[in-house]
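Reviewing the structure listed below.
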Ligand code: HEM
């Protein structure tokens with residue numbers, strides 16, 4: 001489907017695996033620059049290139065306008081923004097008692113028009129600082145429903161397999177970072193635009209819902225030349241290489257719900273994972289690489305090749321597996337998990353209260369079926385992953401991500417009517 005229609009689909013990658021998919025796949029609107037023009041050929045694969053960067057790609061770090069319209073909410077498959085805010089809200093208790101779908105529909109209609117305005121650089125009704133809205137800000141807003149909306153008086157139809165993530169032995173969950181009835185994933189190229197969007201969306205939800213938690217993090221999605229790259233977590237690892245690539249059948253099968261009223265939607269697990277940077281820093285480089293199974297500098301598998309190459313789990317060196325039995329990539333790899341996959345996104349966080357520091361990853365996992373994909377992989381990691389030594393989940397929440405909407409429709413319309 002041409003990118004100029006109001007119901008774009010995520011296109012097949014014709015310009016290298018990672019290049020620009022978040023943009024060519026979502027119709028550019030407003031003043032978007034035609035970055036796709038003239039971009040051809042395979043991505044650069046020399047070892048000196050930044051992980052994930054495509055040297056044939058024109059600079060893209062300048063920011064685009066991501067169309068809010070489409071079969072899917074565009075933020076899921078879009079290249080990660082430099083700033084991401086995850087916001088969870090709780091519907092007021094009286095609304096839960098009533099289970100009033102019309103009321104929920106009112107909130108979703110308000111959010112729909114807010115999202116349409118904000119992503120195109122316009123203020124929202126009643127906005128006291130519309131100048132903070134900015135087009136070409138890579139802004140996307142993704143909305144989802146928490147578990148309580150599929151119970152009690154609401155009784156909305158849930159996506160298949162949607163359930164709360166069961167407790168894991170390594171979890172140290174804090175209520176203040178867990179749960180919620182509604183999620184907003186707001187992502188963009190810089191914090192002021194993203195923060196403004198969050199403020200407007202939360203303010204407009206006030207008659208219906210109040211803030212439960214808000215977490216913000218950053219990512220490094222472009223190299224210094226402005227080319228899209230995979231990005232690194234705070235351990236310094238290239239993080240995201242093994243993901244199914246947006247625009248491929250594998251991605252579609254992994255992520256999108258393909259039937260019923262949730263068709264075009266997905267599910268999201270958010271985990272706030274604390275990372276113990278001081279003890280990680282005490283390891284040698286080869287210990288760090290061994291616990292992961294990938295090279296720190298390039299992100300390539302320890303079995304050789306380049307960043308986006310798959311690991312060869314059978315490879316041995318003197319009788320021992322090159323990719324250690326309890327390394328993170330072996331334990332999370334599809335072949336260790338009955339072919340199960342997830343699509344991960346992440347944002348790094350570092351917060352301090354006085355001299356107390358906390359750092360970690362705002363981990364996001366998208367999958368069609370939460371119980372059949374995320375949970376078994378998470379269990380496999382809980383039961384044996386070297387990384388558990390330095391990582392601890394302190395927050396957890398799950399949401400059913402609504403299908404996208406076309407111009408003239410509103411977010412969640414099909415689900416509420418269904
Ligand atoms: C702070 C915690 C975590 C860190 C630092 C981390 C880091 C990484 C890194 C560096 C890779 C290799 C590059 C890549 O393929 O992206 C990776 C792969 C992967 N991780 Fe994690 N991860 C964390 C938590 C998790 C969790 C909670 C899950 C799922 C429950 C998970 C699932 C996966 C999967 C499925 C892969 C791809 C394996 C493959 O196909 O090769 N990770 N992770």
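Quick note: the coordinates plus some simple rules give every number you see, no bench work behind them. None of the values given here were measured: they were computed from a predicted structure. Neighbour counts are summed over all protein chains in view; Cβ atoms, including those assigned to glycine, are modelled from backbone coordinates with ideal geometry.
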Item to check | Computed [θ] at 222 nm, helices only, for the chain once each DSSP H run of length n ≥ 4 contributes -39500 (n - 2.57) | outcome: -5500 deg cm²/dmol
Checklist outcome for this item: Relative contact order in percent for segment 78-417 (Cα pairs under 8 Å, 6+ apart) equals 26 percent
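Cα-based Rg of segment 368-412 per 2.2 N^0.38 Å, rounded to two decimals? Present the calculation step by step, with values, prior to reporting the outcome.
Working: Rg = 16.3 Å, N = 45, 2.2 N^0.38 = 9.3 Å.
Compactness ratio reported: 1.75.
What does the convex hull of the Cα atoms of the chain come to per residue, in Å³, rounded to a whole number?
Values: hull volume 58.9 nm³, N = 418.
So the per-residue Cα hull volume is 141 Å³.
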Checklist entry - Simple spin-label model, 7 Å along Cα-to-Cβ: residue 259 to residue 102 in nm? => result 3.4 nm
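May I ask you to derive the FRET efficiency for residue 350 and residue 109 from their Cβ-Cβ distance with R0 = 51 Å, giving the value to the nearest 0.05?
Working: r = 37 Å, r/R0 = 0.72.
Step by step, r from the Cβ atoms, then E = 0.85.
How would you classify segment 80-159 from its alpha-carbon gyration tensor, with a ≥ b ≥ c the square roots of the eigenvalues: rounded for a/c under 1.5, else prolate if a/b is greater than b/c, otherwise oblate?
Values: a/c = 2.78, a/b = 1.90, b/c = 1.47.
Cα axes put segment 80-159 in the prolate bin.
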Next on the checklist: Sorting check: for 150-163, 206-219, 237-250, 181-194, which peptide has the highest mean count of neighbouring beta carbons within 10 Å, and how do the rest follow?
Outcome noted: 181-194, 237-250, 206-219, 150-163
Checklist outcome for this item: One computes Rg over Rh for segment 224-290 from alpha-carbon atoms, with the Kirkwood Rh, and obtains 1.11
Checklist outcome for this item: One finds, for residue 245 and residue 220 with R0 = 22 angstrom and r their Cβ-Cβ distance, a FRET efficiency to the nearest 0.05 of 0.70
Checklist entry - Among 121, 231, 304, which one moves the most in a GNM of the chain with springs linking Cα atoms closer than 10 Å? => result 304
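Grab the Cα-Cα distance for residue 357 and residue 150, subtract it from 0.36 nm times how many residues apart they are, and report the gain in nm with one decimal. The partial results should precede the final answer.
Values: separation 207, 0.36 × 207 = 74.52 nm, distance 3.72 nm.
Full extension of this stretch gives 70.8 nm more.
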